[in-house]
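The values are calculated or read from the model by the stated rules, or taken from the named source; none is laboratory data. Because the structure is predicted, anything quoted here is derived from the model rather than measured. All Cβ positions, glycine included, derive from the backbone under ideal geometry; neighbour counts span all protein chains shown. Heads up: the accessible areas ignore ligands, DNA and RNA and are worked out on the full protein's heavy atoms, side chains in. Shrake-Rupley method; radii C 1.70, N 1.55, O 1.52, S 1.80 Å.
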Amino acid sequence: MLGVRRFCDHMISNAALLVVAHGSTVNPDSSAPTLAHAAGIRRRNLFSVVECAFWKEEPSLRDALFLFDPEAIREVYVVPNFISEGYFTQTVIPRELELNGRITRRSSGQVWKYCEPVGNHPLMTELLLRRAKEIAPDIDPTQTSLLIVAHGTDLNENSAFAAKREAEKMRALGKFREVINVYMEEPPLVSDWRKLTKTRHVVVVPFFISDGLHSYEDIPVLLGIANGRSTSALRAAHGEVFRRNPYKINSRSLFYAPSIGTDPGFADIIIEQAGKLAGV
């Protein structure tokens, strides 16, 4: 981990890390992975301070401007916990944090470094493959279909592209019989998984930062492993839908994983994204 080594060597005394995410006013699980990753990084003592800020929760992005004492903290590394570049990473976050590029120098002399979103990191492919293996450890991947599920539609064009990119990279590795990027609201549709896949075993990994209405309710309904009346109860049961694997459907086995953003490996990616701007 090059980024980790850089921080160990140079940045413990006067650098801070700010992990920014979307958050939600209706889904309490939305911020949980971001807070967990920040807590894990904090325990490593790689930064003097590690904080989080959110667009839809507290502390807000605007609050983050006042989180770091410029006398003690000379550099702040901002890492967006988002799957892809898009409106929030390109417009909302820079506007709210008053950033004017990758490097922003405050009047106090404090330097803010704006890093790439986690979804851009090459390790994302490795995490997706690992998550798929963890959810179906006894299944031969060469006889298994892997589905990477994103939202789709023009409102989420960049996340759809990111899912397509990751599927292409995993297909090139040849570890699974087939890897298909599917979407909730545009073709190829996740609801068509029976037609799209040819194997007896199918593994489904949601390409989202956190588990919420999509992963607890919408996708399970589209897959046919839950119905609209039961999914609210599954959500209340803290992810019971993920613990019922495998689902047996017409002599086929379907394995359904939690969203990739809940993987503890995201903490390493956050550090790596910050490490790219170390010394800049």
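Accessible area per residue (1.4 Å probe, heavy atoms of protein chains only) ranks 22, 201 as 22, 201, with the largest value leading.
Listed by number, the DSSP H helices of the chain that run 15 Å or longer by alpha-carbon position along their axis and have mean Kyte hydropathy of at least -0.5 are 32-44, 123-135. Toward the positive end of the charge dipole of the chain, with +1 on the Cβ of Lys and Arg and -1 on the Cβ of Asp and Glu, the farthest Cα among 104, 52, 160 is that of 160. Sorting 195, 169, 175, 248 by accessible area puts them as 195, 248, 175, 169; the probe is 1.4 Å, largest comes first, and only protein heavy atoms count. Each Lys and Arg adds +1 at its Cβ and each Asp and Glu adds -1 at its Cβ; summed about the Cα centre, the chain shows a dipole of about 800 debye. Here the 3J(HN,Hα) profile of region 84-95, calculated from phi with Karplus coefficients 6.51, -1.76 and 1.60 at θ = phi - 60°, is 8, 5, x, 4, 6, 6, 8, 10, 5, 4, x, 5 Hz, Gly and Pro shown as x.
Near residue 145, within a Cβ-to-Cβ distance under 10 Å, what is the net charge of the other residues, with Lys and Arg +1 and Asp and Glu -1?
Local net charge: +3.
Charge tally for residue 55 (other residues, Cβ to Cβ under 14 Å; Lys, Arg +1; Asp, Glu -1): -1. Remark: spin-label model distance residue 200-residue 39 equals 4.1 nm, labels positioned 7 Å along the Cα→Cβ axis. Measuring with a 1.4 angstrom probe and ignoring ligands and nucleic acids, residue 161 comes out at about 130 Å² accessible.
Among beta bridges identified by DSSP and lying wholly in the chain, the antiparallel ones come to about 15 percent. What a 1.4 Å probe finds exposed on the chain is 52% carbon and sulfur by accessible area, rounded to a whole percent.
Note on semi-axes √(5λ) of the Cα gyration tensor in Å: of the candidates (1) 36, 19, 16; (2) 32, 23, 17; (3) 29, 22, 16, the value calculated from this structure sits at (1). The residues of the chain present an accessible area of 45 Å² per residue when probed at 1.4 Å with all protein chains retained. Within a straight-line Cα-Cα reach of under 29 Å, residue 198 can be paired with the following lysines, leaving aside sequence neighbours fewer than 8 residues apart in one chain: 133, 164, 169, 175, 248. Entry note, the chain: relative contact order of 21 percent, from Cα contacts under 8 Å with a spacing of 6+ residues.
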